[in-house]
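The values are calculated or read from the model by the stated rules, or taken from the named source; none is laboratory data. Fair warning: this is a prediction, and the values are worked out from it, not measured in the lab. Cβ placement follows ideal geometry from the backbone for every residue including glycine, while neighbour counts extend to all protein chains displayed. In case anyone asks, the SASA skips ligands and DNA or RNA and just uses the protein heavy atoms, side chains included. Shrake-Rupley method; radii C 1.70, N 1.55, O 1.52, S 1.80 Å.
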Amino acid sequence: MTDESASSASSASTAAASAPEASAAVPAPPPLDIVLASGSPRRRDLLEREGVSFTVRTPATPVDESLEPDLAADPDEACKKLTERKAGAVVQEILAEDYTGLAAIIGADTMVVLDNVIFGKPKSLSDATHMLRQLSGRTHEVLTAVSVWMLAAPTADNVSLGFRTFLEKSRVTFRKLSDDDIAAYLRCGESFDKAGAYAAQGEGAKLIERIDGDLSTVIGLPVERLLRDFPDFKGEPACV
């Protein structure tokens, strides 16, 4: 080895010896527990198709979905408030169990609105018939609000909580329906747990002439917007 090489090696060795110790590895964040605060199989399917890993939990006590007159007159705000109630109820139950970890609780609510009147889930066959007659041949809005609550609890008595709520809209135009069309649809039995008395992803698709906007908003969970706003929820797409 030449004197120059020996000198370089000696300098490198000295530098390595004098370098500060490598900083300790930063601990990985805890896994994110994603909770869907809805029993809707349609919302579950939409998340599963995107490869989101989650559990389903609904409130032990049903959430009050009644609306005060001023809130009922403002469908956008009503939809957001209801989804916040639903997600918030599950959050409170989780906190009561002394949860520790990092969680995201997703609530959603969908409304059908025609002429600023909210169409909820029909209470009877005649109510469903009345809704579909009003929607026949007309364009209505479908609103879906999503409320995501982020919960960080390193310990049961050290809790941070925040939430964000957004609203998406699509416009749905029904074809002109005869009474026979309505009766035939109601016989399929999918109306009674659906806002507006129809399911766009089921037999109700036959009632629809056109959808302007995102179909997933009409089905009940605008997943594209959700995953754009919360990219950490995204997993590997499921095979469909």
Checked pairs for region 175-191, first within 23 Å of P41 (Cβ to Cβ) and touching a residue at least 60 places away in the same chain (Cβ under 8 Å), second open to solvent by 50 Å² or more (accessible area, probe 1.4 Å) and in a helix (DSSP H, G or I), C-beta under 8 Å and 6 or more apart or across chains, list as L186/L125
Restricting region 158-180 to residues that are among the polar types (S, T, N, Q), more than 15 Å from D76 (Cα to Cα) and assigned to a strand (DSSP E or B), the one farthest from the chain's Cα centre (by Cα) turns out to be N158
Taking first residues from region 203-224 that are over 23 Å from A183 (Cβ atoms) and second residues anywhere that are outside any helix (DSSP H, G or I) and among the basic types (K, R), the pairs with Cβ under 8 Å that are 6 or more apart or on different chains are I211/R171; D212/R171; G213/K169; G213/R171; T217/K169
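Filter region 181-203 for residues that are among the hydrophobic types (A, V, I, L, M, F, W, C) and not in a loop (DSSP other than H, G, I, E, B) and give the result. Give the derivation first.
In the first step, residues of region 181-203 are kept if they are among the hydrophobic types (A, V, I, L, M, F, W, C); the result is 182-184, 186, 188, 192, 195, 197, 199-200.
Within region 181-203, I182, A183, A184, L186, A195, A197 qualify.
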If we keep only residues of region 38-72 that are among the acidic types (D, E), assigned to a helix (DSSP H, G or I) and free of Cβ contacts under 8 Å to residues at least 12 places away in the same chain, then the residue least open to solvent (accessible area, probe 1.4 Å) is D45
Counting only residues in region 183-194 that are of a type in the set (G, A, S) and open to solvent by 20 Å² or more (accessible area, probe 1.4 Å), the one nearest to L114 (Cα to Cα) is identified as A183
Residue under question is G137, and the condition is that it be in a loop (DSSP other than H, G, I, E, B), over 26 Å from I94 (Cα atoms) and free of Cβ contacts under 8 Å to residues at least 12 places away in the same chain; does it hold?
no
Residues in region 136-170 that are within 22 Å of V223 (Cβ to Cβ) and surrounded by fewer than 15 Cβ atoms within 10 Å (Cβ to Cβ) total 2
Only one of K121, K206 is open to solvent by 30 Å² or more (accessible area, probe 1.4 Å) and assigned to a loop (DSSP other than H, G, I, E, B), namely K121
Within region 80-103, residues being crowded, with 20+ Cβ neighbours inside 10 Å, touching a residue at least 60 places away in the same chain (Cβ under 8 Å) and among the aliphatic types (A, V, I, L, M) number 4
Picked from region 53-93 (must be under 18 Å from the mean Cα position of the chain (by Cα) and of a type in the set (A, V, I, L, M)), the residue farthest from G120 (Cα to Cα) is V91
